[in-house]
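Below is one structure, written out as structure tokens, with a few remarks after it.
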Amino acid sequence: MSDFVNTNLEKCTLELFNIGAIKFGEFVLKSGIKSPIYFDLRLIISFPELLKMVADLIWEKMKNKKFDHICGVPYTALPISTVVSVQHNYPMIIRRKEMKSYGTKKLIEGNYSAGEKCLIVEDVIVSGSSVIETAQVLRKEKLCITDAVVFLDREQGGLKNLEKNGINTESVLSIYEVLNILVKHEKIDADTFTKTVAYLKSYSEVSFSKATRALLKDQSRINMPLMERAKAATNPLAQRLLTLMDRKKSNLCVAVDTQSSVELISMAEKLGPYICLLKTHIDIIDDFSKETIQKLKELSEKHDFLLFEDRKFADIGNTVKMQYKGGVHNICDWAHLVTAHPVAGPGVLQGLCKAGLRDDRGCVIIAEMSSSGNLNTPAYIEDSIKIGNSFGGFVIGYVCQSSIDVDAGVILFTPGVSLDASSDSLGQQYVTPETAVNEKGADVVIVGRGITGSENPVERAEQYRKRCYDALCKRFES
Ligand code: 5IU
């Protein structure tokens with residue numbers, strides 16, 4: 001820690017105590033839990049030098065991070081982030097707490113665009129509820145939220161809760177440091193110190209508030225009917241897909257891996273009524289033309305399914321941006337959904353978002369592949385979800401092979417499914433539709449050769465649709 005920070009932490013803590021921003025007594029926090037200590041940093045706006053000191057200490061924590069914007073959690077962190085913004089020429093955005101009833105009806109003020117990174121600033125953190133509420137609003141606008149800086153961490157579980165949601169949070173001061181400084185300077189007695197520490201130890205894992213959990217729809221994805229999940233989804237495309245699945249009674253995605261555009265179109269025409277998604281590998285088509293895309297678009301509308309290009313974007317942001325929007329395939333123009341490997345970090349999603357997105361464009365992150373010997377360790381899968389969470393307005397779900405822990409509005413896709421569970425000669429491993437949906441927790445089942453390679457693809461598609469959808473309905477009943 002630099003001398004600047006060390007000296008100022010102590011000075012700042014004592015000042016906060018002197019002005020009455022740190023109080024001891026009996027308080028009830030926003031989450032409803034009781035507390036013998038309370039921080040009221042709102043007061044610092046009446047003490048400009050102290051406000052500046054707090055802003056300087058926040059700046060020390062964030063100055064080496066690279067972001068496009070900062071956003072203070074309303075209200076106390078607004079003046080703090082304004083001071084940081086003005087002093088360091090750092091663009092700010094503001095999240096409204098209430099939507100305006102007139103004019104633009106915007107929830108976020110300021111100049112920003114999809115794919116940009118925004119750092120969140122907060123004064124005091126208990127469970128992390130306020131930070132996550134702000135993050136969700138920003139993520140809805142396709143901003144990338146990976147980091148927060150808070151002035152004071154009450155060490156009651158907030159940092160861990162946020163980390164699980166993809167927000168890496170650093171704090172300037174811990175509540176224990178505050179207590180130690182106050183004891184050292186005889187501002188509180190040993191009894192108050194001991195009681196406060198005992199309280200903190202017994203409330204060290206406060207979960208998100210009820211309201212926040214409702215906002216996150218942090219309920220069981222597994223047993224929730226599709227239309228309820230559609231309402232729970234943050235992402236408009238996830239809403240659309242879940243509604244479509246309910247309407248068509250299909251959670252079947254057909255993978256048409258053919259090198260002929262005639263066959264691709266013919267399959268799309270025949271199988272359209274049975275599927276919710278048509279998955280393509282457009283770069284394997286030998287006779288690709290603009291007409292191929294035109295026909296796919298028409299069939300997607302006629303038969304009510306979405307187009308899913310399994311492009312597996314994996315490069316740095318700048319490259320994927322061009323791979324997505326541009327080239328002969330110009331994927332961004334027609335594919336509602338694309339896949340991406342998160343191996344290169346959040347940049348891949350930033351790049352995709354920067355391609356200039358419409359609302360009906362989304363991404364599915366590949367957390368775990370179906371093939372034997374894949375390199376997707378549990379840690380990799382967990383990190384994939386964190387990256388996906390950071391882009392909640394763009395990422396609609398994950399390709400995976402197990403029921404990973406995601407919110408109810410998020411969709412899981414599972415390939416490697418066939419009626420006679422076995423394998424192929426190149427590493428693909430299969431399970432039955434029932435195993436995929438009921439044991440592995442799949443929402444959408446991806447089937448390729450099991451349908452396209454059969455003698456009667458239409459009959460087979462209906463057979464798969466029924467087995468997959470029945471298995472899904474069984475989950476709602478249990
Ligand atoms: N696919 C997988 N496994 C994965 C991912 C994608 O099989 O983990 I990510 C693709 C490959 C193919 C389709 O396009 O899904 C499955 O085809 P078969 O059902 O024919 O094996």
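Going by a ≥ b ≥ c, the root eigenvalues of the Cα gyration tensor, does segment 232-337 fall in the rounded group (a/c under 1.5), the prolate group (a/b larger than b/c) or the oblate group?
Numbers: a/c = 2.09, a/b = 1.15, b/c = 1.82.
Verdict is oblate for segment 232-337.
Convert 4 °C to kelvin, take the viscosity as 1.567 mPa s, use the Kirkwood radius over C-alpha pairs of segment 33-112 as Rh, and evaluate the Stokes-Einstein diffusion coefficient in µm²/s, rounded to a whole number.
Details: Rh = 14.2 Å.
Translational diffusion coefficient: 91 µm²/s.
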Convex hull around the C-alpha positions of segment 109-168: the volume in Å³ per residue is 72 Å³
Relative to the chain, whose Cα atoms define the longest principal axis, helix 77-88 and its Cα axis are tilted in degrees, nearest 10, by 90 degrees
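For segment 137-267, what mean projected area does the convex hull of the alpha carbons give, in nm²?
Numbers: hull surface 51.0 nm².
So the Cα hull casts an average projection of 12.7 nm².
Work out the length of the dipole vector of the chain about its Cα centre, built from +1 on the beta-carbon of each Lys and Arg and -1 on the beta-carbon of each Asp and Glu, and round it to the nearest 20 debye.
Around 1120 debye, computed over the chain.
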Phi angles of segment 28-43, converted by Karplus (6.51 cos²θ - 1.76 cosθ + 1.60, θ = phi - 60°) into ³J(HN,Hα) in whole Hz with x for Gly and Pro, give 10, 7, 3, 6, x, 7, 7, 8, x, 9, 9, 10, 10, 6, 4, 4
Rounded to whole angstrom, the alpha-carbon centroid of segment 297-311 lies from that of segment 108-155 at a distance of 35 Å
Taking the alpha-carbon centre of each part, the distance from segment 65-96 to segment 224-251 in Å is 36 Å
The correct pair for segment 107-213, radius of gyration to one decimal and Dmax as a whole number, both in Å and from Cα atoms, is 16.3, 52
Taking the alpha-carbon centre of each part, the distance from segment 328-390 to segment 396-443 in Å is 17 Å
With Cα coordinates, the longest principal axis of the chain makes an angle with the long axis of helix 129-140, in degrees rounded to 10, of 40 degrees
Cα gyration tensor of segment 1-152 diagonalised, 5x eigenvalues square-rooted, in angstrom largest first, produces semi-axes 26, 20, 14
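With N set to the number of residues, divide the alpha-carbon radius of gyration of segment 305-446 by 2.2 N^0.38 Å and report two decimals. Provide the component values of the computation, followed by the final result.
Numbers: Rg = 15.0 Å, N = 142, 2.2 N^0.38 = 14.5 Å.
Cα-based Rg divided by the globular estimate yields 1.04.
Among the trypsin sites (Lys or Arg not before Pro) in segment 333-407, which ones are in a DSSP loop with at most 15 other Cβ atoms within 10 Å of the Cβ? Mind listing them?
Values: sites: LYS354, ARG358, ARG361, LYS386; in loops: LYS354, ARG358, ARG361.
Listed in order of number, the matching sites are ARG358.
Under the rule that an exposed site lies in a DSSP loop and has at most 15 other Cβ atoms within 10 Å, name the longest stretch of the chain with no chymotrypsin sites (Phe, Trp or Tyr not before Pro) of that kind, not counting the sites themselves. Display every interim value, and only then the final one.
Working: sites that count: TYR75, TYR102.
Within the chain, the longest run free of exposed chymotrypsin sites (Phe, Trp or Tyr not before Pro) spans 103-478.
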Asserting the computed 222 nm helical MRE of the chain (DSSP H runs at least 4 long, -39500 (n - 2.57) per run, divided by residue count, to nearest 500) equals -12000 deg cm²/dmol
For the chain, Rg(Cα) over 2.2 N^0.38 Å is 1.11
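State the Kirkwood hydrodynamic radius of segment 384-478 in Å, one decimal place, computed from all pairs of distinct Cα atoms.
Hydrodynamic radius (Kirkwood, Cα pairs) of segment 384-478 is 14.2 Å.
Can you quote the Å³ per residue value for the convex hull of the Cα atoms in segment 224-477, rounded to an integer?
Numbers: hull volume 29.2 nm³, N = 254.
That works out to 115 Å³ per residue.
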The Rg/Rh figure for segment 22-65, Cα atoms and Kirkwood Rh, to two decimals is 1.13
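Here, each number is a calculation from the coordinates, and none is a lab measurement. Here the structure is a predicted model, which means the values were calculated and not measured. Quick reminder, even Gly has a Cβ in these numbers, built from the backbone with ideal geometry, and neighbours come from all protein chains shown.
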